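J.: Sending over a structure as structure tokens; questions will come in a sec.
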Amino acid sequence: MATDQSYLSFDVPDGRLKFGAGDLDFWAEHLTWCYRMLGVADAATIAVQDFGSSPLSFLGSRLLMPWLNSGVAERMGGRFVCLDASSERITLTPALMTQLVIDALVIRCDAVELLEMELRKRGFADLAHRAMKTIVVLNDQPHGPDPAGFQNWVRLLHLESALVLAPECARCGGYRLRSGPYIVRDRRIYNTRLAAPAYELSDSAIISESCDSESRDWCIRFPGRDRGM
């Protein structure tokens with residue numbers, strides 16, 4: 001993270017995200033919208049297993065981030081726990097899960113199998129079958145098998161270079177791209193709030209209007225990522 005008088009900036013794959021005054025609160029509101037779309041209730045305890053440079057982590061609470069007036073925890077009236085996604089730190093997560101009731105676990109797709117393995121190794125595999133909602137964060141790369149060890153799971157698409165955050169739609173199973181923060185044009189996703197490069201969708205991606213007729217959102221589907229495929 002770098003700072004100057006005008007912005008905070010974070011290195012991400014293929015670029016850098018820069019946030020000016022008010023930007024952090026806008027994206028904290030959008031991330032809160034994503035969580036509510038995924039079924040996370042207000043007053044929830046949310047734990048995020050990711051790296052500190054991820055907006056999933058630093059937008060979690062104003063206690064974690066300068067210039068953030070109201071993070072996800074404050075907006076939802078809940079609690080936020082930041083967990084590192086390194087292989088060394090994931091080994092500590094099972095013990096935390098025995099001491100704290102987590103309502104929503106947000107975890108990078110490439111860390112899911114390691115956490116499942118740690119839970120089994122320590123005899124805590126049953127913890128994954130609690131009522132806890134597990135949000136698996138996907139990027140634009142192919143991912144491993146679905147988290148069979150977790151009972152109640154959904155997906156959140158996070159395209160880091162353009163700060164695209166799109167929750168899985170409970171109605172159609174695609175990823176709901178919110179109008180306002182984003183515009184889709186010529187198979188590219190444009191971030192309307194940040195000076196970030198447009199994200200070019202693959203030829204196999206399917207773009208359609210949202211299944212919610214009352215919104216102007218888009219639905220993005222990636223063949224091969226649908227449930228059961």
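The values are calculated or read from the model by the stated rules, or taken from the named source; none is laboratory data. On a predicted model such as this, the values are computed, not experimentally measured, just so you know. Virtual Cβ from ideal backbone geometry, glycine too; neighbours counted across all protein chains shown. Ligands, DNA and RNA are excluded from the accessible area calculation, which covers all protein heavy atoms including side chains. Shrake-Rupley method; radii C 1.70, N 1.55, O 1.52, S 1.80 Å.
J.: Quick check on segment 74-229: of the DSSP beta bridges with both residues there, what percent are antiparallel, nearest 5%?
T.: Looking only at bridges with both residues in segment 74-229, the antiparallel portion is about 60 percent.
J.: May I ask you to rank GLU160, GLU118, GLU88 by accessible area, largest first, using a 1.4 Å probe over the protein chains only?
T.: GLU88, GLU160, GLU118
J.: A further question on this structure: At a 1.4 Å probe radius, which order do CYS82, CYS172, CYS219 fall into by accessible area, largest first? Present the calculation step by step, with values, prior to reporting the outcome.
T.: Values: CYS82 65, CYS172 45, CYS219 10 Å².
Order by accessible area, largest first: CYS82, CYS172, CYS219.
J.: Alpha carbon centre of segment 171-198 versus segment 1-62: separation in Å?
T.: 17
J.: Once the other residues with Cβ under 11 Å from the Cβ of LEU92 are scored (Lys, Arg +1; Asp, Glu -1), what is the net sum? Mind dumping the intermediate values first?
T.: Numbers: positive: ARG89, ARG122; negative: ASP84, GLU88, GLU118.
So the environment of LEU92 carries a net charge of -1.
J.: Another one. Modelling each spin label as a point 7 Å along the Cα-to-Cβ direction, I'd like the PHE51/ILE183 distance in nm, to one decimal.
T.: Calculated label separation equals 3.1 nm.
J.: Follow-up. Of (1) 20.1; (2) 18.1; (3) 19.5, which one was derived for Kirkwood radius over Cα pairs in Å from the structure shown?
T.: So the calculated entry is the one marked (2).
J.: Which one of ASP126, ASP217, ASP203 has the biggest mean-square fluctuation once the chain is modelled by GNM with Cα springs under 10 Å?
T.: ASP203
J.: Restricting to segment 31-156, compute how many DSSP beta bridges are antiparallel as a %, nearest 5.
T.: Counting only bridges with both partners in segment 31-156, antiparallel ones make up about 0 percent.
J.: Let me ask another. GNM on the chain, C-alpha springs below 10 Å: top fluctuator among GLY22, GLY78, GLY39?
T.: GLY22
J.: Let me have the 222 nm mean residue ellipticity of the chain computed from DSSP H runs of 4+ only, each contributing -39500 (n - 2.57), with the sum over all residues rounded to the nearest 500.
T.: Mean residue ellipticity at 222 nm (helix-derived): -5000 deg cm²/dmol.
J.: Grab the other residues whose beta carbon is less than 13 angstrom from that of ARG216, score K and R as +1, D and E as -1, and report the net.
T.: Net charge around ARG216: -2.
J.: A follow-up question, please. Only Cα pairs within less than 10 Å get springs; with that Gaussian network setup on the chain, which residue of ALA41, ALA95, ALA111 has the largest fluctuation?
T.: ALA95
J.: Which shape class, rounded, prolate or oblate, goes with segment 1-108 when its Cα gyration tensor gives a ≥ b ≥ c as root eigenvalues, a/c under 1.5 marks rounded, and past that a/b bigger than b/c marks prolate?
T.: Note, shape of segment 1-108 comes out oblate.
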